[in-house]
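Only the coordinates and a few stated rules stand behind these numbers; no lab work does. Note that the structure is predicted; figures quoted are calculated from it, not measured. Please note: Cβ atoms are built from the backbone with ideal geometry, for glycine as well, and neighbour counts cover all protein chains shown.
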């Protein structure tokens, strides 16, 4: 059975607190922290982007898999912050990891679910037998407009998954995609910041698609919420994944290990993939894991996974998500954050 | 840097490829066709470890135009376990905390942008050798203090 042969994640080391952003805009930090359930978020430096995050996460995935880069036949990068408008992120990532040149490379975009979209296609190529291994990455250095609710959550990070048929750390039991045309969040060509439909991003968008995809994959596999040890939902803020999880019958014990958003923020395409990586850091053999992503526009991908006996043996070969979240980090002021995120206009 | 030159240097800039001399064993980075030590042309391509030790450093306060927004930053000569030496920026830390003997990891980063509309140039920067876990961190810290007291 095809599955995940290796995984890895990367989270930049700078942080800004919800309190610091709220203070800048004259908002009450306590109200924002309680409403969005966010404490702080990661901030990329000038030298970090979707490409550098993908390389770091991809290197960790290859290390855990113990696979030669020359055997990787496809590299797919899902992001909504590809550094170039025209020129693939994947070519740089493949070269840096020593993959190719006999390799199929593509960049994916689908708001916050570009990462699981890349995973979906990578898995299908491996299952078809067309390639031995396929690398899928979800990574972003997301932007939120100043003084927008998104500014408290939009952060940077990502995760990479190497799919293969031999010796998987995690087997893929089943997948499903649920997609409709829903204009809840968008960014037009040439616009710097995305826009969104406020409350419209909730019920008709996030909750409908996550609920539909999850319900359908449970029906398809004949599994019930209590059969799973862990579940990961896309994390646009702290509250949404807890609400949708509760309504679907999942408990906090199943959600919490992958609920990385309170201290990481929403890494967009990297959000649910990084949550999955955090779960793989602690899962035991035979644990069932459910992940449902969400991308505005809108759609959700669900994966049912089962951990194998190899997972505990291999996870120590690269840093864990929690070690990056809780490890050494630098807190920046709003002024430094505005500089790093290039919100300040300077002369050439 | 013109794009063709950047493109030619991709193997060493993206993958830390170096040359190990087949006769005297000297490791050259970036790669050399002729060993600068013994003039041998019998070299093999190796990939350097993504870690090293700071030999010496300086802090740049008045940088070239492409690095204006990053100042002040530390620039260090780092030696990898293979014996190769390279000059790299030290990122993700207070430049004042950089010191000789410090253990670093080499991470793939955006080095510079060719102006507003030009290509993006990637390569490696050093970052303080962050821990992989409790024991690994303790081991690294003790190595650092050994070097500092040597």
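Residues of region A:251-290 with amide nitrogen under 19 Å from the 7 Å Cα-to-Cβ point of residue A:207? Those under the cut-off are A:251-252.
Between the alpha-carbon centres of region A:1-46 and region A:93-113 there is a gap of 26 Å. Taking square-rooted eigenvalues a ≥ b ≥ c of the alpha carbon gyration tensor, is region A:170-311 rounded, prolate or oblate, where a/c under 1.5 means rounded and, failing that, a/b exceeding b/c means prolate? It comes out prolate by the Cα gyration axes.
Computed extension length for residue A:102-residue A:243: 46.3 nm, one decimal, from 0.36 nm per residue of separation with the Cα-Cα distance subtracted. For the segment A:320-326, counting C-beta atoms of other chains within 10 Å of every residue's C-beta and taking the mean gives 2. GNM remark for chain A: springs join alpha carbons under 10 Å apart, and the peak mean-square fluctuation among A:138, A:73, A:275 falls on A:73.
With neighbour counts taken as other beta-carbon atoms within 10 Å, the residues B:78, A:172 rank, fewest first, as A:172, B:78. Annotation: for a label point projected 7 angstrom from Cα along Cα→Cβ of residue B:100, residues of region B:40-75 with backbone N closer than 13 Å are B:54-58.
Between the beta carbons of residue A:130 and residue A:87, assuming R0 = 45 Å, the FRET efficiency works out to 0.95 to the nearest 0.05. The listed peptides A:185-191, A:285-291, ordered by packing as a protection proxy, come out as A:285-291, A:185-191 (highest mean of other Cβ atoms within 10 Å first).
Highest mobility in the GNM of chain A, judged by mean-square fluctuation with C-alpha springs under 10 Å and restricted to A:125, A:276, A:135, is found for A:125. Here each label is just a point 7 Å from Cα along the line to Cβ, and for residue A:342 and residue A:167 those points are 4.2 nm apart. The mean number of Cβ atoms from other chains found within 10 Å of a Cβ in peptide A:47-53 is 5, as a whole number.
What shape does region A:74-132 take by its C-alpha gyration tensor, where a ≥ b ≥ c are the square roots of the eigenvalues and a/c under 1.5 counts as rounded, a/b above b/c as prolate, and the rest as oblate? Verdict is oblate for region A:74-132.
With a cut-off of 15 Å on the backbone N, the residues of region A:201-235 near the modelled label site 7 Å out from residue A:253 along Cα-Cβ are A:225-231.
Between the alpha-carbon centres of region A:298-333 and region B:3-61 there is a gap of 33 Å.
For the residues of B:79-88, the average number of beta carbons from a partner chain within 10 Å of their own beta carbon is 0.
Seen from a random direction on average, the alpha-carbon convex hull of region A:1-71 projects onto 7.5 square nanometres. Sorting A:240-250, A:56-66 by average packing, meaning the other beta carbons within 10 Å per residue, from highest down gives A:56-66, A:240-250. Computed over the Cα atoms of the protein assembly as shown, the ratio of the radius of gyration to the Kirkwood radius (Rg/Rh) comes to 0.97.
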